[in-house]
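FYI, it's all coordinate maths here, none of it is from the lab. This one's a predicted model, so the numbers in the text were calculated from it and none came from an experiment. Using ideal geometry, Cβ is built from the backbone for each residue, glycine included, and neighbour counts are taken over all protein chains shown.
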Amino acid sequence: MRSYTFLILTIVLLPLCLDGCARSPKTLSTPHGPDVSRILESLEQRKNNLKTFKGVGRFKIVRGSKAGSSRMVWIGSQPQKLRIETLGPWGQPTMTFVINGASFFVHSRQDNRCFKGNASVDNLSRFISVPVSAQDLFDLLSGQAPILPFHRAKIQALKGEGRWLLSLYKKWGRLIEKIWLRDDAKVIEQVEVFDGWGNLQYRIAFSEFQQVESICVPQRIVASEPQGVLWVLMVEKFWTQVSIPDGAYTLEVPEAQMIDLDS
């Protein structure tokens, strides 16, 4: 009976002990490869240094066999503030998206409806078709890779000089993200995000890079899921460390029909 009780206590307490001993993310590097900790610090530092940005481009959304495109402009500020506007053929705004911290607003000028709610993954995915957080969307529109919370990281060399695959894992070895890098992590080629069961949720591919000040910014960003492409953003112009007008992250539409996304 005593040995049986000891076995039960071991089963119950061992995971708690392991959890307490492994609070800091672990990193594994391949022989002769770059240091994973240094790569992660470099990616985070690059994002932290990008305080504000502005972009102009063309957005193409795909729905099965149908596709539509429009001009798009966007600005962003740390921490977690975004304003995105799609434009009509004459340059007039057709839809406005605003993220201000934990709040999310969408105004459709076509029917004068305004959606408001928390800047949650569920609310954002209703409009952009990709299950990303507000911070992840901020990173993607600035040409950076979102770094999801992880427990262990591993890096391995790929074919081709200076190309690496960074894999991030949750506890119990559950893969949550893959990031393809090259040129000592200065260039991010692709990001894949997985759900809790290891199934691919979405893929973001970056290409056609340009140098903007000290960072390498993609001119083409493609979001896809296992079933196919969701949307394509062609970045025509991009600026960093720009001045943001007062009130840029507020949305006042008193005559619009208000719809609560969280009700």
*So what J values fall out for the range 161-167 if you push phi through Karplus, 6.51 cos²θ - 1.76 cosθ + 1.60 with θ = phi - 60°, rounded to Hz, Gly and Pro as x?*
5, x, 10, 9, 10, 9, 10
*Report, by chain and number, residues whose modeled amide H sits under 5 Å from the one on VAL212, excluding near sequence neighbours (fewer than 5 apart, same chain).*
VAL217
*Theoretical ellipticity at 222 nm over the chain - DSSP helices of four or more residues, -39500 (n - 2.57) apiece, nearest 500*: -6000 deg cm²/dmol
*Whose amide H sits under 5 Å from the amide H of LEU230, counting only residues 5 or more places off or on another chain, with H placed in the peptide plane?*
ALA223, SER224, GLU225
_Dipole-positive endmost among GLY55, LEU40, GLY117 within the chain (Cβ charges, Cα centre)_ = LEU40
*Mind listing P(r) for the range 157-263? All alpha-carbon pairs, 5 Å bins, whole percents.*
2, 9, 13, 14, 15, 15, 13, 9, 5, 2, 1, 0
_Area projected by the alpha carbon convex hull of the chain, averaged over all directions, nm²_ = 19.2
*At 10 °C and 1.306 mPa s, what whole-number value in µm²/s does Stokes-Einstein give for the translational diffusion of the range 115-201, with Rh from the Kirkwood sum over Cα pairs?*
113
_Whole-Hz ³J(HN,Hα) for each residue in the range 218-225, computed from phi via Karplus 6.51 cos²θ - 1.76 cosθ + 1.60 with θ = phi - 60°, x for glycine and proline: what do you get?_
x, 9, 9, 10, 10, 9, 9, 10
*Fully extended contour minus Cα-Cα distance, from LYS66 to LYS171, at 0.36 nm per residue*: 33.8 nm
*Across LYS81/LYS171; LYS51/LYS237; LYS60/LYS154; LYS60/LYS171; LYS47/LYS237, pairs whose alpha-carbon gap is larger than 25 Å*: LYS81/LYS171; LYS60/LYS154; LYS60/LYS171
_Enclosed volume per residue, in Å³, of the convex hull spanned by Cα atoms of the range 70-127_ = 75
*Reduced Cα scattering model of the range 84-160, Debye log10 I(q)/I(0), q = 0.17, 0.19, 0.25 Å⁻¹*: -0.76, -0.89, -1.25
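For the range 27-260, give me the percentage of DSSP beta bridges that are antiparallel, rounded to the nearest 5 percent.
Bridges in the range 27-260 are about 90 percent antiparallel.
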*Sorted from largest down, give the three principal axis spans of the alpha carbons of the range 42-186, whole angstrom values.*
50, 35, 31
